[in-house]
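What follows draws every value from the coordinates through simple rules; no lab data is involved. It should be emphasised that the depicted structure is a prediction, and the values quoted were computed from it without experimental measurement. Ideal geometry is used to build each Cβ from the backbone, glycine not excepted, and the neighbour counts take in all protein chains shown.
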Amino acid sequence: MKQRMPVVENILSANDRLAEENRSRLEAANLYTINLMASPGAGKTSLIEHTIKRLSGQLNLAVVDGDIATSIDADRAAAAGAEAVQINTGGECHLDAVMFQGALNQLDLTKYDLLMVENVGNLICPASFKLGTHQNVLIASIPEGDDKPYKYPTMYRGVDALVINKIDLMPYIDFDMEYFQRGVEVLNPGLVTFQISCRTGEGLEAWLTWLQKKVASHNPADTDR
Ligand code: MG
Ligand code: ZN
């Protein structure tokens with residue numbers, strides 16, 4: 001069993017090297033990129049749709065959509081008004097730097113200001129595979145339960161921002177926000193957090209303002225990670 005560890009480490013370091021190359025290409029094109037991760041059904045596609053609808057007047061937007069088998073999410077992003085590239089992972093439960101490179105090859109990177117990557121719905125391995133994006137954003141949602149930071153610490157530790165979606169369901173679900181946020185704070189102190197509802201629109205303004213600032217202040221010379 002012990003012999004298997006170095007193989008895994010080699011795969012991850014090869015992935016990291018390619019992620020660095022992807023990052024260099026994004027920098028050369030001055031294209032700000034976020035990697036959206038979440039469990040299935042948390043609202044990645046919905047957040048992307050809202051973001052496209054609200055920002056497409058000011059920014060040129062592109063979306064890379066990772067999905068195990070379908071193009072449903074990429075179709076939704078395209079319908080909302082962004083250039084969308086679909087990656088079918090062929091059963092893989094995460095995106096990796098090779099797949100992301102393939103998606104970048106299909107876009108004229110210099111045409112866009114913001115690229116949003118929708119990772120495969122999964123709270124485990126997407127955390128381990130860097131893509132080369134500037135920020136990792138995690139979307140949690142109220143129906144998932146307030147224990148998720150405790151159960152998926154690697155994911156919560158590795159992200160730069162947290163969006164808590166479906167807060168309109170708080171009155172109907174036993175979700176202890178204080179307990180949830182205490183768990184997050186231990187893993188990722190001071191993490192930028194937004195409480196939103198894609199259904200009602202509550203809280204979206206703060207998310208959009210933050211994202212616009214990130215795009216506007218993006219300087220290829222500074223690295224966020
Ligand atoms: Mg989706
Ligand atoms: Zn996976």
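The share of C-alpha pairs in the chain whose separation exceeds 23 Å stands at 46 percent.
Comparing mean-square fluctuations of GLY90, GLY132, GLY121 from a GNM of the chain with C-alpha springs under 10 Å, the top value falls on GLY90.
Estimated purely from DSSP H runs of n ≥ 4, each contributing -39500 (n - 2.57), the mean residue ellipticity at 222 nm for the chain is -12000 deg cm²/dmol once divided by its residues. Taking amide hydrogens as placed 1.01 Å from N in the peptide plane, the amide H of GLN195 sits under 5 Å from those of ILE164, each at least 5 positions away in sequence or on another chain. Normalised by the number of residues in the range 1-152, the mean separation of alpha-carbon contacts (under 8 Å, six or more apart) gives a relative contact order of 38 percent.
Sorting SER141, SER39 by the number of Cβ atoms found within 10 Å of their own Cβ, with the fewest placed first, yields SER39, SER141.
Listed by number, the DSSP H helices of the chain that run 15 Å or longer by alpha-carbon position along their axis and have mean Kyte hydropathy of at least -1.0 are 4-28, 44-55, 177-187, 204-217.
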